[in-house]
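What follows is a single structure, written as structure tokens, with notes after it.
Derivation of every value follows stated rules applied to the coordinates shown; laboratory data play no part. Nothing here was measured: the structure is a model prediction, and the numbers come from that model. Reconstructed Cβ throughout: ideal geometry from the backbone, glycine too, with neighbour counts over all protein chains shown.
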Amino acid sequence: MISDTEIKHQVREFYDLVGWQEQSDGFYQNASYEDLRPVSYEYIHNCHLRVLRHLNPTGHFLLDAGSGPIQYPEYLEYSNGYQRRVCADISLVALREARKRIGIHGLYVVCDVAYLPFKSNSFDGEVSLHTLHHLPPDEHIRAYQELHRTLAKAGKAVIVNGLDSPPLTTFLDFWIDLFIRLHAFFQPQPEATSLSQASTSSTDRTKARGTYVRKQNTAWLQMEVGRLMPIEIWCWRSVSVRFLRTFIHQHLAGSFLLKLIYWLEERFPHFLGKNGQYPLIALNKET
Ligand SMILES: C[S@@+](CC[C@H](N)C(=O)[O-])C[C@H]1O[C@@H](n2cnc3c(N)ncnc32)[C@H](O)[C@@H]1O
């Protein structure tokens with residue numbers, strides 16, 4: 001069995017050598033996991049901005065735990081009202097790239113999010129996006145505790161990670177698989193091939209290599225994290241990239257469908273946060 005140290009070594013090596021390498025089209029390899037097509041732009045953009053609603057707008061230090069290179073423009077907004085953004089990441093390449101974006105607004109610390117080298121109550125705001133799922137399972141709770149410990153009194157934190165087989169994704173995956181099989185059956189072979197590829201890999205960039213990931217489910221969040229600190233589960237984004245690439249297309253009313261999905265997420269944020277693909281965990285440290 002692979003040890004915790006080996007897992008972290010693999011993850012760091014992956015991001016240094018693959019994930020944060022720029023591809024020929026100007027994006028990092030990591031963007032292969034995102035839907036960056038124009039038809040999805042507004043939806044993805046608005047989902048990124050949801051994080052702002054759960055952060056203190058101003059403060060001294062914002063911690064970005066597992067910052068990567070701060071790869072999307074919306075991420076910059078999270079620390080606009082803060083004096084400094086502390087980028088913490090296990091990957092040196094990530095931090096070098098982050099420094100190209102925010103320069104002296106940032107402080108850059110190579111460290112492990114499960115063992116944060118910061119004093120308690122240091123940060124008025126914290127974000128940790130798509131990072132804790134790279135930890136060995138027995139360190140997930142520890143990482144939440146570290147984020148809670150380092151958050152200042154009255155500070156606010158946002159943590160986003162995909163869920164393990166959430167009900168909505170399981171339901172939609174059934175229809176995606178059926179749709180692909182039917183399409184392959186009724187369409188001539190070359191087109192069928194390109195459609196089934198589209199669901200997982202609509203361009204060459206989407207043929208992504210991955211690294212160690214261990215996701216949790218809503219029950220775990222509520223039981224294991226919720227008993228240790230006050231959390232609220234909101235919706236960051238309810239649908240997977242696979243769903244977007246399969247069903248959302250400009251010529252099939254894609255923009256309209258995404259407006260509808262976004263409206264539903266706003267209307268039922270807790271239900272879709274708990275049952276959709278990506279919950280937003282809002283953590284408020286009491287005074
Ligand atoms: C999927 S990327 C997300 C980056 C950024 N938060 C984003 O949303 O674009 C995960 C990041 O977490 C970092 N990471 C993984 N395990 C870590 C750990 N134990 N401690 C600190 N950073 C870690 C990786 O190096 C990588 O930069």
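Quick look at the numbers
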{"item": "Average projected area [Cα convex hull, the stretch 34-120], square nanometres", "result": "6.3"}
{"item": "The stretch 72-137: trypsin sites (Lys or Arg not before Pro) in DSSP coil with no more than 15 other Cβ atoms inside 10 Å", "result": "K119"}
{"item": "Sorted by Cβ neighbour density within 10 Å, fewest at the top, the residues S32, S67, S79, S255", "result": "S255, S32, S79, S67"}
{"item": "0 to 90° range, to nearest 10: angle between helix 4-14 axis and the chain longest Cα axis", "result": "60"}
{"item": "Calculated from backbone phi, Karplus (6.51, -1.76, 1.60) coupling profile of the stretch 43-57 in Hz, x at Gly/Pro", "result": "5, 4, 4, 5, 5, 4, 6, 4, 4, 4, 4, 10, 10, 5, x"}
{"item": "Rg and Dmax of the stretch 112-191, Cα atoms only, in Å", "result": "20.4, 62"}
{"item": "Anisotropy class of the stretch 5-76 from Cα gyration tensor, a/c 1.5 cut", "result": "oblate"}
{"item": "0 to 90° range, to nearest 10: angle between helix 92-102 axis and the chain longest Cα axis", "result": "90"}
{"item": "Where the Cα pairs of the chain fall when distances are cut into 10 Å bins, in %", "result": "6, 27, 36, 23, 7, 1, 0"}
{"item": "Taking the chain and dividing mean pair separation by its residue count, relative contact order in percent (alpha carbons under 8 Å, at least six apart)", "result": "21"}
{"item": "Rounded Å value of the spacing that divides the Cα centres of the stretch 62-131 and the stretch 212-287", "result": "23"}
{"item": "The stretch 1-33: chymotrypsin sites (Phe, Trp or Tyr not before Pro) falling in loop per DSSP and having at most 12 other Cβ within 10 Å", "result": "none"}
{"item": "The chain - mean residue ellipticity at 222 nm from DSSP helices (-39,500 (n - 2.57) per run, n ≥ 4, rounded to 500)", "result": "-11500 deg cm²/dmol"}
{"item": "Simple spin-label estimate for S255 and H9 in nanometres, 7 Å along Cα-Cβ", "result": "5.1"}
